[in-house]
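Working notes, structure below.
The values are calculated or read from the model by the stated rules, or taken from the named source; none is laboratory data. Just so it is clear, the model here is predicted, and its values are computed rather than measured. FYI the Cβ positions are ideal-geometry reconstructions off the backbone, even for glycines, and counts take in every protein chain you see.
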Amino acid sequence: MIIALDGPAASGKSTTARLVAQRLGFRYLDTGAMYRALALAAQQRGMTDEAFASVLPSVRLDLGYDADGNQTVALDGEDVTAAIRTRDMGLAASAISRHAPVREYLVQMQQELGRRYSEEAGGAVLDGRDIGTVVFPQAELKVFVIADARTRAERRLAELEVRGEVYPDREAALDALEAELVARDHADAARAAGPLRAAPDAILLDTTELSPEEQVEIVVQHALARQ
Ligand code: CDP
């Protein structure tokens, strides 16, 4: 079984995907982390996104899980799980993900991983922007996860603070983050290749007023109803 979770930045997709996978005994794949890792690889090589697209097969991208079931990412053998979580890497990922060769490369990898995870564990939960529309248009369950922009900014700020970033003026930080997330969503929705878009048969899940447990329960119930 394939479960596709798509939606705008910081809407709660990754948390939901990880916990839904845990509940159902499935495996999960955070596809945004893959775009973030390639953005970092391009930066490390000092290459433009265009030039980088032609050396894609030389990049070694290894995905795994830590003891808590969080996805880990290694680039050319080096663990970059934390390094790809910065705001800059979110913006760089959005920029590199506009390029069709980059998308084709990762989409194929995601399809292979999704199929393999599904065979090995009985199901795979993928989160991203184009999972239900491009990567797995035949997914048994598609969910489009949204939340209002301020709530998303608050959640992202909390994540950044947990990672050690310090924001003395929280209100100013929230304003800046909100503007950044909204601008990234617009760019993601406006691009020609794999735009951020709900599949016509996706269920809309607004997490603004929901706890992670409530979000997870809703998706799990839909999944069980389709098994
Ligand atoms: O965690 P957050 O929602 O901020 O972003 P992410 O899921 O890590 O994705 C970072 C960027 O990668 C997005 O802004 C998208 O431009 C891109 N992305 C994509 O194009 N397609 C996907 N399937 C996943 C992410």
Any chance the range 201-212 includes a residue that's part of a helix (DSSP H, G or I) and under 17 Å from the mean Cα position of the chain (by Cα)? yes
Check whether at least one residue in the range 93-101 is free of Cβ contacts under 8 Å to residues at least 12 places away in the same chain and among the hydroxyl-bearing types (Ser, Thr, Tyr), and report yes or no. no
Does LEU106 satisfy the condition of being within 9 Å of the ligand (Cβ to nearest atom), under 14 Å from the mean Cα position of the chain (by Cα), closer than 15 Å to GLY7 by Cβ and at pLDDT 95 or above? no
Report, ordered by the first and then the second residue, all pairs with beta carbons closer than 7 Å, sequence separation of six or more or different chains, a first member in the range 57-86 that is in contact (Cβ under 8 Å) with a residue 40 or more places away in the chain, and a second member that is assigned to a loop (DSSP other than H, G, I, E, B) and surrounded by 15 or more Cβ atoms within 10 Å (Cβ to Cβ). VAL73/VAL80; VAL73/THR81
When the residues of the range 6-64 are narrowed to those that are near the ligand (Cβ under 8 Å from one of its atoms) and of a type in the set (S, T, N, Q), which ends up surrounded by the fewest Cβ atoms within 10 Å (Cβ to Cβ)? SER14
Looking across the range 185-222 at residues that are touching a helix residue (DSSP H, G or I) at 6+ places or on another chain (Cβ under 7 Å) and over 14 Å from PHE144 (Cα atoms), the single one that is surrounded by the fewest Cβ atoms within 10 Å (Cβ to Cβ) is PRO212
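So which residues in the range 53-96 are of a type outside the set (Gly, Ala, Ser) and assigned to a loop (DSSP other than H, G, I, E, B), if there are any at all? Can you show your working first?
The first filter runs over the range 53-96 and keeps only residues of a type outside the set (Gly, Ala, Ser), leaving 55-57, 59-63, 65-66, 68, 70-73, 75-76, 78-81, 84-89, 91, 96.
Across the range 53-96, the qualifying residues are VAL55, VAL59, ARG60, ASP66, ASP68, ASN70, ASP76, VAL80, THR81, THR86.
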